[in-house]
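Reading through the structure tokens given below for one structure.
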Amino acid sequence: MSKPTLLILAAGMASRYGSLKQVDGFGPHGETIIDYSIYDAIRAGFGKVVFIIREEFLEKMKDVFDKKLEGKIEVDYAFQDFDLSKFGVNHVIERTKPWGTAHAVMSAKDKVNEPFCVINADDFYGSDSFDKMAKFLTTEVSDEQMSLMGFQVGNTMSDYGYVSRGVCEVSASGHMESVTERTNIYYKGEGDDRKIVYEENGVEYDLDPQTRVSMNFWGFTPKIFEVAQAMFPAFVEENKENLKAEFFIPSVPDYMVKHKLADFKVIPTSSKWFGVTYKEDKPIVQESISKLVADGVYPEKLF
């Protein structure tokens, strides 16, 4: 079986962060969070990385990544843009933001022909996640059996504001029954009274810290492109007047499960995620990486 591919979602403009965090330095020698993900992926046995970016970022991304990854892993780029015609949609809709993470994945359909993993550019997942996903993608995956890494929501929070997570319902057999994108999850209260809540339509709901959530760490086959593209025209038609509507990845697996097109294994991990949603998160990420380097989990210089 061919080596799996790593698909990195890096087209976002980082509006809450304030700059192009895809290439911001966090490691002792200016390593990006993406560098650590790719390092873990190479060690786990991935054979190719595809960056999904906006075309205007291409030269910057190539300057940062191409030379240091040469000879270590195959590198390619796919562009997320506003041209809907390549997905069978005839509307021309003026937007300032692309159409979301599932639309981003669809943008790579001509770059990937093998089982692949999707991750965010600005999330640090840890080597355990890549090892488990690589094993799944080389021994278990099929068009009828895909997967996601199931993080505990309590291990994925920011102290500086709200986060978006795919909240999962998981069966006794460890398979996803549903996943719902919650875009407004945050801490409420202080000290022993602090709890995790999410807000929907102005109403707050409690969320158990051990609830399994998707961090956009998915294991797919190319079948996902076909299903997403079949769903996308109806989504655009329904949301053509809503310029902030986004076609999120979880909506596609959720559809596939509910229509019995595929099962999704929830691969449990107790890893503590960290990432950079806000500028204030940066020192925490730098400190966390420094500790991992000091503990020998990563070399001081990755590449």
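The values are calculated or read from the model by the stated rules, or taken from the named source; none is laboratory data. If you're wondering where the values come from, they're calculated on a predicted model, not measured in any experiment. Every residue, glycine as well, gets a Cβ built from its backbone with ideal geometry; the counts of neighbours run over all protein chains shown. We work out accessible area using only protein heavy atoms, side chains counted, and drop any ligands, DNA or RNA first. Shrake-Rupley method; radii C 1.70, N 1.55, O 1.52, S 1.80 Å.
Worth pointing out:
- Checking the cross-link pairs Lys3/Lys60; Lys195/Lys260; Lys60/Lys301; Lys111/Lys244; Lys188/Lys282; Lys48/Lys301 against a 29 Å limit on the alpha carbon distance flags Lys195/Lys260 as lying beyond it.
- Diffusion coefficient, µm² s⁻¹, Stokes-Einstein with Kirkwood Rh over alpha-carbon pairs of region 31-88 at 37 °C and 0.692 mPa s: 260 µm²/s
- Reach of Lys279 by Cα under 18 Å, taken over aspartates and glutamates that are not fewer than 8 positions away in the same chain: Asp24, Glu31, Asp122, Asp123, Asp159, Glu287
- Å² of accessible area per residue within the chain, as computed with a 1.4 Å probe and no ligands counted: 46 Å²
- When shorter helices are ignored and each DSSP H run of at least 4 residues is given -39500 (n - 2.57), the per-residue value for the chain at 222 nm works out to -8000 deg cm²/dmol.
- Per-peptide average of other Cβ atoms within 10 Å, ordering 155-164, 220-229 highest first: 220-229, 155-164
- As a length-normalised measure over Cα pairs under 8 Å and 6 or more apart, the relative contact order of the chain settles at 25 percent.
- Carbon/sulfur fraction of accessible area - the chain, other protein chains in place, 1.4 Å, %: 46 percent
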